[in-house]
Every structure is written in C-alpha cells, then in structure tokens.
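What follows draws every value from the coordinates through simple rules; no lab data is involved. Fair warning: this is a prediction, and the values are worked out from it, not measured in the lab. Don't worry about glycine lacking a Cβ; one is built from the backbone with ideal geometry, like all the others, and counts go over all protein chains shown.
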Amino acid sequence: DQHKHLCPDIERLVSSLGLVDGQNISRRNVRNLVRTNPESAVILTIVWGYPTGTINGHRRPVERAFQRAADIAAKLSEIKLRDPMEPNDLISEINDLAPSGIGTSTTSKWAYFFEITTTIGDCLIYDHRVINCIMEGIFAEFLPLQGILPSTRPRKSGEPRTADELRKSAISRQPRTYESYLRAVYSAAHLLGQKMGEPVTGAQIELGLFGEAPSKGVMAARTKARKKALELTA
C-alpha cells in the first residue's frame, strides 16, 4: 500500500503474481518475475525489501528507482551476460547506475534476484540486516568478519570504538567489503556442508543471516543497555 501512489501498476503487478491483498511477496515471486518482466522485478525488489515505501526514512530514492526501473533492468541484464567480475568491482558498478540514495543494501538485492555471478560465486544480499547479524556475533563462523567489515581506525580521542559505532562503520563500508562477505559466506557453506554430509549453498547461509538479524527494537534496546553499562563503569 505504501508504494501504490508511486507506481499505479503495483496493485496489478502483485495481483498478477497470484497474491491476495495482505499476502507477503516472497523471494521466489521476485526471482520468477526477473525472467518474464525485468523492469517490474526491479520495482518489486523495492516493494519486497522496503515495505514501508521508504529507504532510510526517505521516499525520494524509491521514486527515482521506480522512474528508472527500465534502464536499471536493462543494465542488470547486460551485466549478467558478461564474464564474472570481482565482487567489489561488480557491486560498485551497480551502485554507480543506481539512483541517488540507493546503495549496496538495495543493489545487492537486485544482483541477487537477477542471478548475477561474481568470480567467487553468485551474488548474495548484503544489507543492514545481514551486517547487524554478523556484527552481533550470532553465528560463530562470521566472528572473523567483525574485525574486517568496520573501519579499525580509533576515535580521535584514541579510545576504541563502541560496538554500535563499529556496526555503523561496517554498514558504511559495504561496497569495499562485499568480497570479504561473499568469501566468508561460501566458506561457511562449505564447512557446514561437510559437517552435514550434504551440499549447503551460499544462498542458504545468507537466508539464515537475513532471517536471524535482530530487529530495530532489539538493536535499540541493546544500544541503550550498552550506554547504561558505560555510564556505570565510568
């Protein structure tokens, strides 16, 4: 509903997928649409990823993406036909074609749904939810990434950064750490597959990270608790 005034065809598009009002759009819905209507898939990715109709609280980036959906879809389809690129180079190129206000959290979704491949493996979603999950240390396999994703520079005061500052730094460095993320995911998939005795895909690992990401409410509560702890130990 939040997107209908931006794109009058949203209701028709969702209805064409066989969904009834209020039914959630699935990843499969978006990926299937890429094969039949890439332009609409670009739009549906936004609808799926940002149900509030805003990106970081702003509506304008969504409007720009809808307006340029045809050009974005054409470029993504062209990139898909090329030889695989290095992950950071690939995501940077897609970021360059994206409208202002849209970054790796969104462009990695487009790359994932369009099934674009890098030199390491298929593109995977790398958004705030995934980074929050990694930085919270929910999965031990990704603990090494906690020291890679954020900037390691200390504050001007020389004090180490807080956990929340490190998380925000990691989010700001998404385009430069996409390769490190993909390598960690595919390594985790390989190790888990060996333990289970059956293949595990990178997409399955990413889905686990995405699904286990702490909510904004949980993140806010943890931030408040950390601040309180610092006050008590000061």
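What's the FRET efficiency of Gln67 with Thr119 using the Cβ-Cβ distance as r and R₀ = 35 Å, to the nearest 0.05?
On the way: r = 32 Å, r/R0 = 0.93.
For R0 = 35 Å, the calculated efficiency reads 0.60.
So for each of 98-109, 73-84 I average, over its residues, the number of other beta carbons within 10 Å; can you give me the resulting order with the highest mean first? Present the calculation step by step, with values, prior to reporting the outcome.
Numbers: 98-109: 21.4, 73-84: 14.1.
Descending mean neighbour count gives 98-109, 73-84.
By per-residue mean of other Cβ atoms within 10 Å, what is the highest-first order of 167-175, 186-194?
On the way: 167-175: 19.0, 186-194: 15.6.
In decreasing order of mean packing, 167-175, 186-194 become 167-175, 186-194.
For region 159-214, what ratio Rg/Rh do Cα atoms give with a Kirkwood hydrodynamic radius? Please report the intermediate quantities before stating the final value.
Numbers: Rg = 14.0 Å, Rh = 12.9 Å.
Checking Rg against Rh, the ratio lands at 1.09.
For Thr118, list long-range residues whose amide hydrogen, built 1.01 Å from N in the peptide plane, is under 5 Å from its own amide hydrogen.
Cys123
Could you give the radius of gyration (one decimal) and Dmax (whole number) of the Cα atoms in region 93-183, in Å?
Computed over the Cα atoms of region 93-183, radius of gyration and Dmax are 13.9, 45 Å.
More than 14 Å apart: what percent of Cα pairs in region 37-89 qualify?
58 percent
Considering amide H positions built from the backbone, and no H for Pro or chain starts, which residues 5 or more places from Ile55, or on another chain, come under 5 Å of its amide H?
Val62
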